[in-house]
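Just below is one structure, and these are the notes that go with it.
The values are calculated or read from the model by the stated rules, or taken from the named source; none is laboratory data. Note that the coordinates shown come from a computational prediction; the quantities given were computed from them, not determined experimentally. A quick note on method: Cβ atoms are made from the backbone with ideal geometry, for glycine too, and the neighbour counts reach across all protein chains shown.
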Amino acid sequence: MEELIQLTINRPEKIDHIGIAVRSIDQVLPFYMDHLQLQVLGVEEVASQGVKVAFIAIGQSKIELLEPLSSDSPISKFIEKRGEGIHHVALGVTDISERIEEIKKNGIKMIHDVPIDGAGGAKVAFMHPKSTHGVLYEFCEKSK
């Protein structure tokens, strides 16, 4: 019974956000603000990941727009290969390091074996899409 409780504590709690790759945040923001009438929570650069991000509130979750800061950014490469669109689904977790270890024990390949700094002060780690049926999932732990 104790093992079952442990697994329940560490499972993802919610969809924190959906990441969408865009060429220009400035060009796409009017769609979200004017047409969908959603609120922008903030815009910041995450130099370590080579992106500028904008978070948009929608219910209990967010949309994260990801604009490449350079042509060698992973988002730039994603857009070149696949075009603008959904990049990843971020799952909110409370103990990211423990969650990474649990998922690796179950044979899921991680892109990041240890959490890295993400937007908004979050700690993040991505699972490899080859292990998740083609979907890029991100674990996201936000400081309380």
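Every residue, every condition in (1) within 16 Å of GLU141 (Cβ to Cβ); (2) at pLDDT below 95; (3) acidic (Asp, Glu), yes or no:
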site	(1), (2), (3)
PRO12	yes, yes, no
ILE18	no, no, no
ALA21	no, no, no
LEU38	no, no, no
LEU69	no, no, no
ILE79	no, no, no
LEU91	yes, no, no
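State whether the residues of segment 29-36 include one that is without any contact (Cβ under 8 Å) to a residue 12 or more places away in the chain, in a helix (DSSP H, G or I) and of a type in the set (Phe, Trp, Tyr).
yes
Of VAL46, VAL28, VAL51, which residue is in contact with a Pro (Cβ under 8 Å, 6 or more places away or on another chain) and surrounded by 16 or more Cβ atoms within 10 Å (Cβ to Cβ)?
Selected residue: VAL51, the only one of VAL46, VAL28, VAL51 that is in contact with a Pro (Cβ under 8 Å, 6 or more places away or on another chain) and surrounded by 16 or more Cβ atoms within 10 Å (Cβ to Cβ).
Which condition breaks for GLY83 when tested against (1) surrounded by fewer than 16 Cβ atoms within 10 Å (Cβ to Cβ); (2) on the phi < 0 side of the Ramachandran plot?
It is condition (2) that GLY83 fails.
If I filter segment 96-110 down to residues being touching a Pro at 6+ places or on another chain (Cβ under 9 Å) and among the aliphatic types (A, V, I, L, M), which single residue comes out as surrounded by the fewest Cβ atoms within 10 Å (Cβ to Cβ)?
This residue is ILE100.
Please state which of the following conditions ASP95 fails to meet, knowing it meets all the rest: (1) at pLDDT 95 or above; (2) closer than 18 Å to TYR137 by Cα.
Just one mismatch for ASP95, condition (1).
Restricting to segment 41-81, what's the tally of residues that are under 14 Å from the mean Cα position of the chain (by Cα) and in a strand (DSSP E or B)?
So the count comes out to 14.
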